[in-house]
Each structure stands twice: as structure tokens, then as C-alpha cells.
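Novice: One structure follows; several queries about it will come next.
Here, each number is a calculation from the coordinates, and none is a lab measurement. Everything numeric in this text was worked out from a predicted model, so none of it was measured. Note that each Cβ is placed from the backbone with ideal geometry, even for glycine, and that neighbours are counted across all protein chains shown.
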Amino acid sequence: MTKPIEDPANPPKNTAPSRDLSPELSSALKGKFLVFDGPDGSGKSTQLSMFLDATTRAGITVTEVREPGGTEIGEKIRDALLEHLDREEMSLRCEMLLYMASRAQLCEQVVDPALKRGDLVVADRFVASTYAYQGAAGGIPFEEIESAAQIAMQGVVPDATLIFDVDQETAASRLNPLLDRMEAKGAAFHTMVRQGYRTLIESDPDAMRYLGVDATGSPDQVFGNIKSVLEARFLDH
């Protein structure tokens, strides 16, 4: 079969969304602190991996961290927070303060030095998770969480937190069958978590701190949404 002759003036269109960051966005992200956050099952981890691949292709120096964890001390705290306990239930305020303790170590040991070097810091969860899980769903007043966060973070504040929003049915279908302690809390709990995240987005109508990302589409569509909200935040404002 004869191969069709391509017209150089009208090359075939690539309809697949690009997984690359524009040069302008890549430059704007250097030295920033971004957080990928959202309910369990939102697809956050998949998008984080895609985003890190894009930053590598763009030549951006990235420091990647996760919460809880990211340091030797933080990883031990993570084990205590996420494992199922047989003998006693962790109290809600103990849970919140352990997250903050891990956060304090992470900010001082990793995040602050990386930002001072000019790295792009990308975190898998940060303080928005505490507002949603221990605050909106758990019942701890936001004012208490805010006070503890100020002590833990010592002025290290994300430039933007991307919150992946997805309906509960879709989120449940994406969860790993081997649920950790937080994932296994049930549908009613996770409905309140989602509402907590949505409250954060609604509290920031100018989308300067909390950037809502529609996470219901295909991975490429969601990644396109990420690029759109980042460009609006760092290039258009």
C-alpha cells in the first residue's frame, strides 16, 4: 500500500494532550513550593508521577517529599499513623499532632533548605490534608489546627496547593484493596473529607493558595487541568 504523502504546510495534528510543561511555566515554577493533595482515590499519586516526569524533561531541579514522612523521623511517625492497631485506637488530637510533628521535621530538615537553594519543592500532601481529615471529617476546630500548623511550619508555606476533586463513587473505585488506616474509615468519613477540601477551594476564590483540579477525566485530561490551573496561578496573576 502506498503511504500518503504528507503536506509540510499542513502536518498531521497530534490530538493527544501534551504531557510537557511550557518553557514559561517551567521557569515560573523554579523555587516554588507545590503540594498535590486531595481525597483518597482522587488520582493524586498518578498525577504527581506524571508531573515529576514533566519537570525532569523540563530540566527543573526538584525536591520531592511526602507526608507524613520525608525524613527518618517522619517515616517512623508515618508507620504509627497509618498502620492498623489491634489494642487501642489513636486519639484524634494525637493523630493531628503526630502529623504536625512529622511536618515540623520535614520543613526544617528538607523543605526550607531546598527552597533556599532555588529548588522546586513538590509535596505529596501537606497541611490541607490535616484541615480535611482531622478538621472537617474529624471535628477538630480549624483554629486549633491553624495554631499547631504555625508552630510546625515556621513560615514555610506552599505557594499553591493543588486539590484533586473527584466524586466519591469514582474515588472508591480507585482505592487499593489493601487499605491503610486512613483509607479504611468508610464512605461517610470520606464524604466529609471531600467537603473539607471543597471548603478550602471555596475559601480562596482568587485561586492563589488552593487550586481546584477536576480529577474525573482520563489521566491526560487531568494533567491538562493541572497545567491550566498552574498557568493561571503563576503566569496570569
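Novice: What do you get for trypsin sites (Lys or Arg not before Pro) in the range 29-133 restricted to DSSP loop and a cutoff of at most 11 other Cβ within 10 Å of the site's Cβ? Spell out each step's value before the answer.
Specialist: Details: sites: Lys30, Lys32, Lys44, Arg57, Arg66, Lys76, Arg78, Arg87, Arg93, Arg103, Lys116, Arg117, Arg125; in loops: Lys30, Lys32, Arg87, Arg125.
Hits after loop and neighbour filter: Arg87.
Novice: How far apart, in nanometres, would the label points at Glu83 and Gln109 be if each is projected 7 angstrom from Cα along the Cα-to-Cβ direction?
Specialist: Using points 7 Å along Cα→Cβ, the separation is 1.8 nm.
Novice: Using a Förster distance of 22 Å, how high is the FRET efficiency between Thr191 and Lys76, based on the Cβ-Cβ distance and rounded to 0.05? Present the calculation step by step, with values, prior to reporting the outcome.
Specialist: Numbers: r = 31 Å, r/R0 = 1.42.
The calculated FRET efficiency here is 0.10.
Novice: From the phi of every residue in the range 90-97, what ³J(HN,Hα) in whole Hz does the Karplus formula 6.51 cos²θ - 1.76 cosθ + 1.60 yield, where θ is phi - 60° and glycine or proline is x?
Specialist: Running phi through 6.51 cos²θ - 1.76 cosθ + 1.60 with θ = phi - 60° gives 6, 5, 4, 6, 4, 4, 4, 6 Hz.
Novice: Taking a threshold of 21 Å on the Cα-Cα distance, which of the pairs Lys30/Lys116; Lys44/Lys227; Lys30/Lys227; Lys44/Lys116 fall above it?
Specialist: On the way: Lys30/Lys116 11 Å; Lys44/Lys227 14 Å; Lys30/Lys227 15 Å; Lys44/Lys116 27 Å.
Exceeds cut-off: Lys44/Lys116.
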